[in-house]
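Trainee: Before I ask anything, let me first share the structure, which is written out below as structure tokens.
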């Protein structure tokens, strides 16, 4: 297609009084006039003036999703232009397409037409008109230069939202769209945050402006129509503390010239111990199955990460954004079965692909492969976790037991060697026994660190029960014997079972 002309005409935000004179003249003389929708105040005026047009409302009525509407309208317009070119010359080779408001504001079909004009070579002219933003600014006394975020209600995502800005959401045509918008907004805004629902702004007799709490947004279907939009004022105060950017500002302030002397004095090395401590406290919260404590400990651990990133940014090495970008790239790159074309149906397949991709990345970076599969473990790993990783890496190349029974036999063999060992060799033989037990955990798909942590937790509970019994009787360990302590130990085991039964019963009741 190399000839012909498609003219996009803005109808303005209201009735004919807001329609530019030049746009009216082009509508009046158009031989082939199409309207994206007839649901607009200007359309009654066009009908009274006897102007013939074709609307695409039936496309909206048929399509299950709004995303399917705009490409179909685009194709129909291009087909109409091709037909006009074949049937006539001059003015007959022009198609006029009228849209509500300004053609370049919240008009997906116009964006698609601009792309096609570049590809196919036809002429595209855009005649502007006042948009809903003009009416909105006048009605709510908004100055866009102070910060205004405009988002499409039919494709709203959490990542687009910034509550520090006044947010305007057009394209909220009906209750279904409003419901989706509400659920997305409630991920970022308080449930009772004030929202304005505006309809037909600037149109005398039709204009409506209603304020309501966010959670009530989709309760009434009559609230929405083709000229509906939402307005959310900018958030102020403590609620902004939920924002990632706000957290970065707080950490930077703590490290700044007027910040906290302790935070300013920290280095990567001085913070090292706190990173370990906070990770350990998080593990305690996980083992205790305490969501509230986990939330707090995750925050404490995140603070350590942010402090390290802030220190690095001050010296120009990297910023927290670089950390996030690198992690995002790595996750996408190492999950081609999710973000790419490959497939993986089991966790084992994913693990194999992960290692293969790691090796490929090392080659691309010009890094040499380690001389040993076991040579790249962090030095600060606990011995228990290191043993598990060493065995897993050896197993990846086939150095492994083939039967769990053989692994269990090895544990028994190591236990016998401990029994026979001389005093000077006992530590070595006990180490071999622990190593064999870790291997058995791997065969039974049990995390040895987590298993030992649970055992520690049980021991702590039972022993502390003995201590409570002694305190209740005003006694000490010196006043009791092993037999009595064993009785209380068994009592503690019964309490554990009863507590476990109650928890399981509560979970069943909640299902």
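Trainee: Restricting to segment 290-334, and then to whatever is in a loop (DSSP other than H, G, I, E, B) and touching a helix residue (DSSP H, G or I) at 6+ places or on another chain (Cβ under 8 Å), can you tell me which residue is farthest from residue 270 (Cα to Cα)? Before the answer, list the steps.
Mentor: Here is the first cut: in segment 290-334, the residues in a loop (DSSP other than H, G, I, E, B) are 290, 315-319, 334.
Narrowing the set further to residues that are touching a helix residue (DSSP H, G or I) at 6+ places or on another chain (Cβ under 8 Å) leaves 318-319, 334.
Values: 318: 19, 319: 19, 334: 33 Å.
Residue satisfying both the conditions and the ranking: 334.
Trainee: If you don't mind, another one. From the list 348, 361, which residue is assigned to a helix (DSSP H, G or I), out of contact with any helix residue (DSSP H, G or I) (no Cβ under 6 Å at 6 or more places or on another chain), surrounded by 10 or more Cβ atoms within 10 Å (Cβ to Cβ) and modelled with pLDDT under 85?
Mentor: Values: 348 fails: surrounded by 10 or more Cβ atoms within 10 Å (Cβ to Cβ).
Step by step, each of 348, 361 is checked, and only 361 is assigned to a helix (DSSP H, G or I), out of contact with any helix residue (DSSP H, G or I) (no Cβ under 6 Å at 6 or more places or on another chain), surrounded by 10 or more Cβ atoms within 10 Å (Cβ to Cβ) and modelled with pLDDT under 85.
Trainee: Could you list all residues from segment 256-287 that are outside any helix (DSSP H, G or I) and touching a residue at least 12 places away in the same chain (Cβ under 8 Å)?
Mentor: Within segment 256-287, the subset outside any helix (DSSP H, G or I) is 256-260, 266-271.
266, 267, 268, 271 - these are the residues of segment 256-287 that are outside any helix (DSSP H, G or I) and touching a residue at least 12 places away in the same chain (Cβ under 8 Å).
Trainee: Looking at 148, 140, 183, which is the one that is outside the structural domain of residue 42 (by TED's automatic domain parsing), out of contact with any helix residue (DSSP H, G or I) (no Cβ under 9 Å at 6 or more places or on another chain) and free of Cβ contacts under 8 Å to residues at least 24 places away in the same chain?
Mentor: Working: 148 fails: out of contact with any helix residue (DSSP H, G or I) (no Cβ under 9 Å at 6 or more places or on another chain); 140 fails: free of Cβ contacts under 8 Å to residues at least 24 places away in the same chain.
Result: 183 is the single residue among 148, 140, 183 that is outside the structural domain of residue 42 (by TED's automatic domain parsing), out of contact with any helix residue (DSSP H, G or I) (no Cβ under 9 Å at 6 or more places or on another chain) and free of Cβ contacts under 8 Å to residues at least 24 places away in the same chain.
Trainee: Report yes if some residue within segment 62-77 is under 22 Å from residue 225 (Cβ atoms) and touching a strand residue (DSSP E or B) at 6+ places or on another chain (Cβ under 6 Å); otherwise report no.
Mentor: no
Trainee: Let me ask something else about it. What number of residues within segment 203-241 are surrounded by fewer than 17 Cβ atoms within 10 Å (Cβ to Cβ) and either in the same structural domain as residue 43 (by TED's automatic domain parsing) or more than 25 Å from residue 43 (Cβ to Cβ) (or both)?
Mentor: 15
Trainee: Within segment 128-148, track down each residue that is buried (at least 17 other Cβ atoms within 10 Å of the Cβ) and over 24 Å from residue 204 (Cα atoms).
Mentor: 148
Trainee: Here's another thing I want to ask about it. Looking at 47, 25, can you tell me which residue is under 18 Å from residue 124 (Cα atoms), without any contact (Cβ under 8 Å) to a residue 60 or more places away in the chain and part of a helix (DSSP H, G or I)? Please lay out each step first, then the result.
Mentor: Details: 47 fails: under 18 Å from residue 124 (Cα atoms).
Residue meeting the stated conditions: 25.
Trainee: Within segment 84-97, does at least one residue satisfy the condition of being at pLDDT 90 or above, assigned to a helix (DSSP H, G or I) and more than 19 Å from residue 10 (Cα to Cα)?
Mentor: no
Trainee: Looking for whichever is closer than 16 Å to residue 140 by Cα, in the same structural domain as residue 154 (by TED's automatic domain parsing) and surrounded by 13 or more Cβ atoms within 10 Å (Cβ to Cβ) here; the options are 200, 178. Which one fits? Full working, then the answer.
Mentor: Working: 178 fails: closer than 16 Å to residue 140 by Cα.
That would be 200, the only listed residue that is closer than 16 Å to residue 140 by Cα, in the same structural domain as residue 154 (by TED's automatic domain parsing) and surrounded by 13 or more Cβ atoms within 10 Å (Cβ to Cβ).
Trainee: Then there is this: Out of 34, 53, report the one residue that is surrounded by fewer than 19 Cβ atoms within 10 Å (Cβ to Cβ), at pLDDT 95 or above and touching a strand residue (DSSP E or B) at 6+ places or on another chain (Cβ under 6 Å). Working first, answer last.
Mentor: On the way: 34 fails: surrounded by fewer than 19 Cβ atoms within 10 Å (Cβ to Cβ).
Checking each option against the conditions leaves just 53.
Trainee: Only one residue in 344, 386 is over 27 Å from the mean Cα position of the chain (by Cα) and either free of Cβ contacts under 8 Å to residues at least 40 places away in the same chain or under 25 Å from residue 444 (Cα atoms) (or both). Which one? Full working, then the answer.
Mentor: Numbers: 344 fails: over 27 Å from the mean Cα position of the chain (by Cα).
Only one candidate passes the filter, namely 386.
Trainee: Against the definition (over 30 Å from residue 302 (Cα atoms) and in the same structural domain as residue 138 (by TED's automatic domain parsing)), how does residue 165 come out, yes or no?
Mentor: Details: over 30 Å from residue 302 (Cα atoms): no; in the same structural domain as residue 138 (by TED's automatic domain parsing): yes.
In short, no.
Trainee: Let me ask something else about it. Please state which of the following conditions residue 84 fails to meet, knowing it meets all the rest: (1) in the same structural domain as residue 207 (by TED's automatic domain parsing); (2) surrounded by 16 or more Cβ atoms within 10 Å (Cβ to Cβ).
Mentor: Result: residue 84 fails condition (1) only.
Trainee: Name the residues in segment 382-397 that are at pLDDT 80 or above and part of a loop (DSSP other than H, G, I, E, B), would you? Talk me through it step by step, then tell me what you get.
Mentor: Looking only at segment 382-397, we keep the residues that are at pLDDT 80 or above, and these are 382-395.
Listed by number, the list holds a single entry, 382.
Trainee: Which of the residues that make up segment 181-196 are surrounded by 19 or more Cβ atoms within 10 Å (Cβ to Cβ) and in contact with a strand residue (DSSP E or B) (Cβ under 8 Å, 6 or more places away or on another chain)?
Mentor: Result: 181, 185, 189, 195.
Each row is one residue, and each column tells you yes or no for (1) at negative phi; (2) loosely packed, with under 14 Cβ neighbours inside 10 Å; (3) out of contact with any helix residue (DSSP H, G or I) (no Cβ under 9 Å at 6 or more places or on another chain); (4) assigned by TED's automatic domain parsing to the domain that holds residue 420.
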position	(1), (2), (3), (4)
435	yes, no, no, yes
438	yes, no, no, yes
455	yes, yes, yes, no
458	yes, yes, no, no
462	yes, no, no, no
479	yes, yes, no, no
485	yes, no, no, no
489	yes, no, no, no
494	yes, yes, yes, no
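Trainee: Take residue 253 and tell me if it is in a loop (DSSP other than H, G, I, E, B) and exposed (fewer than 15 other Cβ atoms within 10 Å of the Cβ).
Mentor: Values: in a loop (DSSP other than H, G, I, E, B): no; exposed (fewer than 15 other Cβ atoms within 10 Å of the Cβ): yes.
Answer is no for this residue.
Trainee: So, in segment 102-124, of the ones that are free of Cβ contacts under 8 Å to residues at least 60 places away in the same chain and not in a loop (DSSP other than H, G, I, E, B), which residue ends up surrounded by the fewest Cβ atoms within 10 Å (Cβ to Cβ)?
Mentor: Going through the qualifying residues, I end up with 119.
Trainee: Follow-up question, since we're still on this one. When segment 5-18 is examined, which residues are found to be assigned to a loop (DSSP other than H, G, I, E, B) and surrounded by 23 or more Cβ atoms within 10 Å (Cβ to Cβ)?
Mentor: Correct list: 11, 13, 14.
Trainee: While we're on this one: Within segment 410-418, is even one residue surrounded by fewer than 17 Cβ atoms within 10 Å (Cβ to Cβ) and not in a helix (DSSP H, G or I)?
Mentor: No, the conditions are met nowhere in segment 410-418.
Trainee: Can you tell me which of (1) part of a loop (DSSP other than H, G, I, E, B); (2) at negative phi; (3) touching a residue at least 12 places away in the same chain (Cβ under 8 Å) is the one residue 202 doesn't meet?
Mentor: (2)
The values are calculated or read from the model by the stated rules, or taken from the named source; none is laboratory data. What you are looking at is a predicted structure, and each value in this text was computed from that prediction instead of being measured. Every residue, glycine among them, receives a Cβ derived from its backbone with ideal geometry; neighbour counts consider all protein chains shown.
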